[in-house]
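Here the structure comes first, spelled out in structure tokens, and everything after it is commentary.
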């Protein structure tokens, strides 16, 4: 597979200081709003963790930005949950192709309160609630049929029984320490602005592309 000649020239937008402002959340909200006009799932969020010195990356869905934290939900016993038990430092990435933009955020992850996990869990479709119970996420699975049979058994069980959120399923809130906003530009002379938190205030600087 030779991809050396596969390239796109980025020329839609620019990222300059006078328009970026001093607040990374305001800029993120603006970019997210603009991405929402064209991207089918603008809340796709790539989460990178480290477990036993091995980086691990996967896609999740951002569900909320609350009190400055970026919140997603998962199985605490999954590979990402085990990684976050060992190392709470995390990196997240948003990429919006149509706007030729990406935002990279580094921060610290912590579990959200049980009530928040309950509120979100019970807002999900019943099938998704049962799916969360049926899946021993990241454990070895003998076959697809085994998973489907387990789901059907649980589905029948919960026809007449209340569903309870598993204690091992819930949310993580990522508290940002830094933001990097990347805007694709022509000739690979991209714009990169970083915001770092220093004594509760955000400082901004431009990086070489």
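A few points about this structure:
- Here the ratio of the Cα radius of gyration of segment 1-55 to 2.2 N^0.38 Å is 1.64.
- With all projection directions averaged, the alpha carbon convex hull of segment 51-171 covers 9.5 nm².
- Cα convex hull of segment 83-141 - mean projected area over all directions, nm²: 6.7 nm²
- Our helix-only sum for the chain, with -39,500 (n - 2.57) per DSSP H run of n ≥ 4 divided by its residues, gives a mean residue ellipticity at 222 nm of -8000 deg cm²/dmol.
- Per residue, the average separation of C-alpha pairs within less than 8 Å and at least 6 apart gives segment 34-107 a relative contact order of 31 percent.
- Under Stokes-Einstein, with the Kirkwood radius over Cα pairs as Rh, the value for the chain at 20 °C and 1.002 mPa s is 111 µm²/s.
- Relative contact order of the chain, taken over Cα pairs closer than 8 Å and 6 or more residues apart, is 26 percent.
- Principal-axis tilt of helix 114-123 within the chain, Cα atoms, nearest 10 degrees: 80 degrees
- Rounded to 10°, Cα long-axis angle of helix 144-157 versus longest principal axis of the chain: 60 degrees
- With Cα atoms defining each centre, segment 37-55 and segment 149-192 are spaced 9 Å apart in the structure.
- Scaled radius of gyration (Cα, divided by 2.2 N^0.38 Å) that segment 118-189 gives: 1.73
- Here the translational diffusion coefficient of segment 11-116 follows from Stokes-Einstein with Rh set to the Kirkwood radius across Cα pairs; for 4 °C and 1.567 mPa s it amounts to 85 µm²/s.
- Candidates 189, 93, 62, ranked by Gaussian network fluctuation over the chain, Cα under 10 Å, top entry: 189
- In degrees, nearest ten, helix 24-36 long axis to first principal axis of the chain (Cα): 70 degrees
A short reminder: the numbers here are calculations on the coordinates, not readings from a lab. Computed from a prediction, not measured in an experiment: that's the story for all the values here.
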